[in-house]
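First the structure, in the form of structure tokens, and then the observations on it.
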Amino acid sequence: MTADSLREKFLRFFKDRKHKIVESDSLVPKDDPTVLFTPAGMNQFKKEFMGFDSGFKRAATSQRCLRTDDLDKVGKTSAHHTFFEMLGNFSFGDYFKDEAIAWAWEFLTKELKIDQEKLWVSVYQDDDEAYDIWKDKIGIPEAKIVRLGDKDNFWPAEAKTKGPNGPCGPCSEIFYDFGPDTGCGEKKCDPACSCGRFVEIWNLVFTQFNRKDDGSLEPLPNKNIDTGMGLERLAAVMQGKQNNFETELFQPIIAEIKRSVEIEPQESKKLYYAISDHLRAVVFSIYDGITPSNEGRGYIVRKIIRKSVLHLKSLGINKPFLNKLVGQLAQIMHKPYPDLRERQEDIAQVILNEEVNFINTLKLSSVLVDSEIEKIKAELEIKPKEDGFIIAGGGLATALGISAFKLYDTNGIPLEITRDELIQRHIKVDKNFEAAFQGELDKQKSLSKSSSKMKGDVFDARGLGLKLDPTKFLGYKDDSAEAKVIAILRNGKEIAEAQAGESLEIVLDQTPFYAESGGQVGDTGKLINGKNVFEILNTQKIDNIFLHTGKVVSGVFKKGDKLVAQIDLERRVNIARNHTATHILQAALREVLGSHVQQQGSMVAEDRFRFDFTHFKGLSQEEINRVEEVANNWIVKNQPVSCKEMAFKEAKKSGALAFFEEKYGENVRVVAIGDISKELCGGTHIDNISKIGKIKIISESSVASGIRRIEGVTADFAKKFIQEEQIKAAEESEKKNKLKELREQEKKRSLEVNNRLQDTAPRLIEKAEEINGVRVVVSLEPDLDMSGLRLLADKIKEGLGKGLVVLGSQDSGQKKAYLVIAVTQDLLSRGLDAGALIRQIAPVIGGSGGGRQDFAQAGGAKPENFRLAFEELRAIIKDLPVEGR
């Protein structure tokens, strides 16, 4: 029996027993900070387990799940997976142990016709109720009912002693017996033994207690059922396989890999298993919008891709290959996920990019290892050598081990490659090297497990304690409405009344205020009751209860007050305009770049919008211009915007685009823009796209691997942006023109000065005076800046041969003085130092200066003192020792 048949049979079985069949949730848990990925079928029903009424008391799902806490075991055992499907049936305060046990047994033995003799069960050690149901009502022999402890048959495991707080309860598991020829062979072997003879196929969790802070368990008023059965494991049992990887869910992928392997290494089977598992994890992560990155979920996806590349490398496949298997997986999973085929090329492209980058990183491993060795190079150089090798032990080995882990964690370079690189550099390490690496790895695994598993209170969710009726939303049609205050909250707690100046949250029975969701910001405005005014700064919602957050401007507000809720209409219209613009933008991007473009996130505010989407490279300016052109050509066509409620399946069938992060109910709202766009959307929109005026893209950038971000503005904000850009462009053009003019003037002036100096230098050399055996040129030249003086001094030195040059000038305003002194090499031995001379006479012209022995310069504020400065210089030269004495 195939996995597809098993999935269909399971869901149909529970549909016949009045369970609502709920679509699998995303691998990205929405509004659930307790887990990194969706690890079980129950996660999407946390609110229902805590009493929230979603309109059904029974549910069944086939949930896609991802767990990474046993990543290193994948491929080495018959049943460990990162990605898997969990079949589950759930009851929220409806049926309990009797029905859960009876239906599980009926499905396995009647529907699937599994031989009863092959099935064993376990119960929690203190759960006599479950034990008696199995023994007396189902008829399981006592010898086949095993009592297990807190670790194996209580959920969460060991919650009684270790927590977390919240709903918990005993479990009962159903095991399949492969027979005495499998496993340890001991006569006393039972499901408590881990030899492999018994495989757990279904876990029934009876959440009947609430764990409190003191560790005590109190009975829950409403008892719940949460069951989970791994589809892969069930398929293996039904197909007579002892290994999940031998089923049709994995074998076509494995066969595809084998075709590209020339020589199979000894552990090839484990590698095939691991790669086929990792492919599923990576593909469905990307399918759910998780792209490879250096943090959070994206880091896990990147890590799994890198492990796959290394496994392929061990099989002799050194080129990008994982991406080529996506089509095979899409074929295997086409029944439950038909749209995977449509997206397979885009998903394969993301994987290919990662493979190429990592393979290139591996080629650079030598350089990366060198950069780490450089940090402790000095310590290595003083270490003794043995047979030509540096012996790095103790603390050095530990440092290298930590560096090796850093290379593994950051770049994906395995320990073995780093060790080989060290040997090539004649460095030997002791046991501390591997111990340090393992220590760092264990720390990371611990963090990974805490991220992968539930943490905190299992069912911790803000707002569930409010016990209020859902707020009726009127905002699609009304911008103001009469309403009644049903609660006033401060720091999450209800208060009787609110005084002027207080900041808090008000809950109304109905409201026109849109609550922040789907990327759209919440509305602002006012609540007015006569002279009592409450300014709303934001609107949010929890469990369909709208929280109007703000401040009492005047008067008093009490529970039961009737008032008028009035949104800031101008702001709302701007937000609606931008929201509709994101729909048009997505349609334009798909038109220009291709149908692979899918929304990955958005932010819609009053003054701008942001739109994240899948694409594999940055947009060229030509592409950005084309997207703008397409979008704005649509806008001028005055297309109407319509909003319609319909069933989710009907909406998907009509071609409406859905956003991966949103969790949709049975009925959805479809926003259609003529024949341009059709999307599932709960946001507010304008009624005609002509009101957008214009879309202007103001930036395009990268968010993560394979995800781009566009920011834009519309209407008056677009006009303002364009005007500001035009002003900036004009100012920039003016600056460039001025700079060009200045450069041309400078060039012209330099040419004039140069021509002038060509005549001036010989003239001054002719007038050189001799003082104390030294030829000295002293001159005050009009209208020369410092660069002109330097140039003239160089020319004079060149023509003078031996001597001293002293030149001064002043600006046209007669306020700045410039002075240079140049000394030929032969005079340095007589004690002439241009730097020393300038420091002596610069104060005379009201300034300071400095420089080298052969050249120095100074500036001052007293150009009228040049004559005095020159006289002082002549006096200094007269006092020089006569050459030869």
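The values are calculated or read from the model by the stated rules, or taken from the named source; none is laboratory data. Because the structure is predicted, anything quoted here is derived from the model rather than measured. Every residue, glycine as well, gets a Cβ built from its backbone with ideal geometry; the counts of neighbours run over all protein chains shown. Side chains are part of the model used for accessible areas, which takes the heavy atoms of the whole protein and leaves out ligands, DNA and RNA. Shrake-Rupley method; radii C 1.70, N 1.55, O 1.52, S 1.80 Å.
Observations, loosely collected:
- Selected residue [without any contact (Cβ under 8 Å) to a residue 60 or more places away in the chain, open to solvent by 10 Å² or more (accessible area, probe 1.4 Å) and either within 22 Å of residue 842 (Cβ to Cβ) or of a type in the set (Phe, Trp, Tyr) (or both)] from 779, 750, 733: 779
- Look at the range 515-535: where a residue is free of Cβ contacts under 8 Å to residues at least 24 places away in the same chain and a partner is of a type in the set (Val, Ile, Thr) and open to solvent by 30 Å² or more (accessible area, probe 1.4 Å), sitting 6+ places away or on another chain with Cβ atoms under 7 Å, you get 533/553; 535/553.
- Which listed residue, of 606, 570, is in contact with an Asp or Glu (Cβ under 9 Å, 6 or more places away or on another chain), open to solvent by 50 Å² or more (accessible area, probe 1.4 Å), assigned to a helix (DSSP H, G or I) and among the charged types (D, E, K, R): 570
- Some residue of the range 134-154 being in contact (Cβ under 8 Å) with a residue 60 or more places away in the chain, of a type outside the set (A, V, I, L, M) and in contact with a Ser or Thr (Cβ under 9 Å, 6 or more places away or on another chain): no
- Residues in the range 386-445 that are β-branched (Val, Ile, Thr) and either within 16 Å of residue 310 (Cβ to Cβ) or in contact with a His (Cβ under 8 Å, 6 or more places away or on another chain) (or both): 390, 410, 413, 417, 418.
- Residues of the range 837-873 classified as assigned to a helix (DSSP H, G or I) and crowded, with 17+ Cβ neighbours inside 10 Å, total: 12
- The residue pairs whose first member lies in the range 393-405 and is surrounded by fewer than 19 Cβ atoms within 10 Å (Cβ to Cβ), whose second member is not in a helix (DSSP H, G or I), and whose beta carbons are closer than 8 Å, counting only pairs six or more residues apart or on different chains, are 393/429; 393/430; 394/430.
- Residue count for the range 33-56, restricted to those that are open to solvent by 20 Å² or more (accessible area, probe 1.4 Å) and either over 22 Å from residue 223 (Cα atoms) or small (Gly, Ala, Ser) (or both): 5
- Per-region count, the range 185-202, residues of a type outside the set (Val, Ile, Thr), open to solvent by less than 30 Å² (accessible area, probe 1.4 Å) and not in a loop (DSSP other than H, G, I, E, B): 2
- Condition met for residue 157 (open to solvent by less than 50 Å² (accessible area, probe 1.4 Å), of a type in the set (Gly, Ala, Ser) and closer than 21 Å to residue 67 by Cβ): no
- Where residue 563 falls short, out of the listed (1) closer than 20 Å to residue 707 by Cβ; (2) open to solvent by less than 20 Å² (accessible area, probe 1.4 Å): (1)
- Matching residues, the range 739-767, being among the charged types (D, E, K, R) and at pLDDT 85 or above: 740, 741, 743, 744, 763, 766, 767
- Verdict on residue 121 being among the aliphatic types (A, V, I, L, M) and within 29 Å of the chain's Cα centre (by Cα): no
- 1 or more residues free of Cβ contacts under 8 Å to residues at least 24 places away in the same chain and of a type outside the set (D, E, K, R): qualifying strands (runs of 3 or more DSSP E) within the range 624-696: 641-647, 667-673
- Enumeration of residues in the range 613-642 that are among the charged types (D, E, K, R), modelled with pLDDT under 95 and either within 26 Å of residue 339 (Cβ to Cβ) or open to solvent by less than 40 Å² (accessible area, probe 1.4 Å) (or both): 617
- Any hit, the range 651-673, residues being hydroxyl-bearing (Ser, Thr, Tyr) and within 30 Å of residue 297 (Cα to Cα): yes
- Subset of the range 501-522 that is assigned to a strand (DSSP E or B) and among the small types (Gly, Ala, Ser) - its residue that is surrounded by the most Cβ atoms within 10 Å (Cβ to Cβ): 517
- Single residue of 256, 246 found to be under 14 Å from residue 79 (Cβ atoms) and under 36 Å from the mean Cα position of the chain (by Cα): 246
- The criterion of at least 1 residues that are touching an Asp or Glu at 6+ places or on another chain (Cβ under 7 Å) and under 23 Å from residue 47 (Cα atoms) is met by the following helices (runs of 4 or more DSSP H) wholly inside the range 72-184: 97-106, 159-162.
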